[in-house]
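The values are calculated or read from the model by the stated rules, or taken from the named source; none is laboratory data. Computed from a predicted model, the values in this text were never measured in an experiment. As a convention, Cβ positions derive from the backbone with ideal geometry for all residues, glycine included, and neighbour counts pool all protein chains shown.
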Amino acid sequence: MDGNNKLSEIGKFISPKLEKLLKLSEFFILPQVAFDPVASAAVGGIYMVANSIIESRRYNKICTFIDEIKNSDVEENINPDKEEDVEIFGFAMDKVLSASKASQIRAIVKILSARTKNNISYNEAEDLINIVSELSESEAMVLQKVHAELETNAIREIDAIKYEDLRVADIPSERMDYLLNRLVGKGLLKQNMVLARSTLTMNNYEYSLTGIAKSIFCNLDYIIPPKHTYDFDGKTYKSMAKLVYAVVQSYVEKHEDLSYEGIKNAFPDKWAKPGFGVVVEDISKGRAKENLDKFQRGEDMVWRFHTGRTSPVEGTIILHDGSHIVVSNQWNFNGNFKTFLKGVKDTYKGDLDIVVN
């Protein structure tokens, strides 16, 4: 499938409103790169491979962006007939295509959400999208560390953090110096001298957030998702999706006479909100059936339930009444996953204990 046809497939599983925004933003057409057919076969082969990789990455980023949009309130609030909304949507798409991580795309969608609800201005949204799309993961970790320290010390009315109090795991002091200077240069941190010494070192400084940096944390819980592991039933999980699957599977094993109605009551849809809105589903019903049908026809390129894209049916759990259920793999730590953890803790304490590390 060539790039244009591949991208046009997206239109089969999105709403007319979102399709209109994409078309107005002119992102259904891949840029054409001039190629001399007379060039050598070797050069032509390299071109074809490189172009295929570029198209595939571009397509995957757009799919991630659309999935995040569909699981947010952006689609509900944005107006494709409003020039300003189309412009900020197009600007966000441009940054999505240059993003290196899915976490950056999620952050961009959250900023779009704030803009479409008029929580921030167009210019603020543009600035914030620019910032999160260009921050490296290490820069984001340092910025979050400053924010966390300031939040912790807010009750003591401390509005700046001394250099010696800023330590981030896996970042050596020499690199920390570099990252702090980068963040100051980007206008996200203010650097103030607190000690007058004959020899100027980084220990002479303290750091605080600028106005634009504070705006980031007003609209995003995190710039990058926290890296946690989860202990459950004697095993450690790095993936939120695999953990949720293990919890559901454990519950089913302990309740052999469980029906579909019983598993839906045990893991209600509200535990997956805000976000995808489903924890478990019968593979022949509702969103699971719709997703599976479209996935198998090639109309939806993302399988949203455990255990993988090659064979979705492998992820089913068979209940006593013969129901084949699947478990959602659509989890966001600062969104529906926290809701799920709280639901399990409040309902099954001592029976399904999860430890977040």
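What to note about this one:
- Sole residue being at pLDDT 85 or above, farther than 21 Å from Asp94 by Cα, basic (Lys, Arg) and out of contact with any helix residue (DSSP H, G or I) (no Cβ under 6 Å at 6 or more places or on another chain), chosen from Arg156, Arg175, Arg167: Arg175
- Cβ separations smaller than 6 Å between residues 6+ apart or across chains give the following pairs from segment 334-354 residues that are touching a residue at least 12 places away in the same chain (Cβ under 8 Å) to residues that are β-branched (Val, Ile, Thr): Leu352/Val247; Leu352/Val344.
- The residue that is surrounded by the fewest Cβ atoms within 10 Å (Cβ to Cβ), counting only those in segment 95-120 that are over 23 Å from Pro274 (Cα atoms) and modelled with pLDDT under 90, is Ser98.
- Segment 122-153 - residue that is modelled with pLDDT under 90 and polar (S, T, N, Q) and, of those, surrounded by the most Cβ atoms within 10 Å (Cβ to Cβ): Ser133
- Condition check for Asp81: assigned to a helix (DSSP H, G or I), surrounded by fewer than 22 Cβ atoms within 10 Å (Cβ to Cβ) and of a type outside the set (Val, Ile, Thr): no
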